[in-house]
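Let me begin by presenting the structure, written as structure tokens, before commenting on it.
Readers should treat all values here as calculations from the given coordinates under stated rules, not as data from a laboratory. As the structure is a computational prediction, the values presented were derived from the model and not from experiment. Positions of Cβ are generated from backbone atoms using ideal geometry, with glycine treated the same way; all protein chains shown enter the neighbour counts.
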Amino acid sequence: MSAQIIDGTALSARLRADIGARAEALAAAGRRPGLAVILVGDDPASAVYVRNKVKACQAHGLHSVLETYDGALSEAALLARIAALNADPAIHGILVQMPLPAHIDPHKVIAAIATAKDVDGFSVHSAGALMAGLPGLRPATPYGCMKLIESTGQALRGKHAVVLGRSNTVGKPMALLLLQAHATVTVCHSATPDLGRYTREADVVVAAVGRRDTLRADMVKPGAIVIDVGMNRNDAGRLCGDVDFAAVREVAGWITPVPGGVGPMTITMLLANTLQAAAAQAGPPA
Ligand code: NAP
């Protein structure tokens, strides 16, 4: 039987309607949530990402500022801009689009963002809070994956979840969120000799590798939940994920498509984080 499609676009629309209403309520109380997005350099993919983030803010009642800088911007100048935004009461979230030019240390930049405004959830503080099970801002992509899994109505407690990929931005926080939801978690990576040995035992597979057809039908347990984070191009140049969608959907119980699965949820959870940050930040109305 064919898997149920987990529609990230539809779930996103539902969550964004709620975010819009909550943003208006905060605005009425004198604190419209505000996001500052910084882009350094002229990477075309990054330019599209930041434009989409700003557009989503505008469409849902969030104040947004897009700052674009020449690729020659010095690290010191970028750190000074972040310090100014840290002190700006109209800005509750700061996002610096990665990757940065080679002469800028991304770790230094992330560390410069005030913890309360770290809406990407990439700082050592936010990562530590997640590891310790403390409240905080969670990285948007794995946070969105959790919402997609939640939308199936299947409880994670006691289930075996396998994460393919161990990046700081997706794989590792994904594993920690699944652990927090009481799943038993296995993390695989490029040095894992036989991915199928693990995925065949999994009730939930989250693929975040960046290589198409990494998860094939013979690697999936019948009825499993499959979340595809990957963004790749197929031979025809079309967007595809890490999962062989056509074949895996015949085995899995639930599956996210690419596009229309994890992608829209990432921006939605960024908006949710900005709202959370605005609600948490005390002080005089902006
Ligand atoms: P990344 O930093 O390149 O990490 C990829 C991970 O996959 C690494 O941990 C790597 O292992 C592992 N890996 C590579 N080849 C493998 C293999 N053959 N078998 C098993 N594991 C393998 O990428 P990322 O930032 O986590 O992103 C992963 C994918 O998700 C990319 O396609 C990216 O474009 C996409 N993405 C999508 C969204 C969205 O909103 N839809 C957001 C973020 C990322 P090692 O650690 O051993 O190198």
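Annotations for the structure displayed:
- Taking amide H as placed 1.01 Å from N in the peptide plane, SER167 has its amide H under 5 Å from the amide H of LYS172, each at least 5 places away in sequence or on another chain.
- Tensor-based shape of the stretch 30-116 (alpha-carbon gyration tensor, a/c under 1.5 rounded, otherwise prolate or oblate): oblate
- Helix axis angle, 262-280 relative to the chain longest principal axis, alpha carbon, degrees: 40 degrees
- Nitroxide proxy distance, nm - points 7 Å out along Cα→Cβ at ARG238 and ALA59: 2.2 nm
- Between 0 and 90 degrees, the angle of helix 171-180 with respect to the longest Cα principal axis of the chain falls at about 80 degrees.
- Computed from point charges on the beta carbon alone (+1 for Lys and Arg, -1 for Asp and Glu), the dipole magnitude for the stretch 1-135 about its Cα centre is near 440 Debye.
- Note on the stretch 140-264: antiparallel DSSP beta bridges, both residues inside, total approximately 10 percent of the bridges counted.
- Entry note, the chain: the mean residue ellipticity at 222 nm calculated from DSSP H runs of n ≥ 4, each adding -39500 (n - 2.57), is -12000 deg cm²/dmol after division by the residues and rounding to the nearest 500.
- Pairs exceeding 31 Å between alpha-carbon atoms, taken from LYS53/LYS147; LYS53/LYS172; LYS53/LYS108; LYS55/LYS159; LYS108/LYS221: LYS55/LYS159; LYS108/LYS221.
- For the chain, the alpha-carbon radius of gyration amounts to 1.01 times the rule-of-thumb value 2.2 N^0.38 Å expected for a compact globular protein.
- Extension gain (nm, one decimal) between ALA72 and ALA45, 0.36 nm per residue minus Cα-Cα: 7.9 nm
- Each residue of the stretch 190-198 was assigned a 3J(HN,Hα) from its phi angle through the Karplus curve 6.51 cos²θ - 1.76 cosθ + 1.60 (θ = phi - 60°); the sequence is 5, 9, 7, x, 9, 4, x, 4, 8 Hz, with glycine and proline shown as x.
- Helix 8-28 and the long axis of the chain differ in direction by around 20°, with both axes built from C-alpha atoms.
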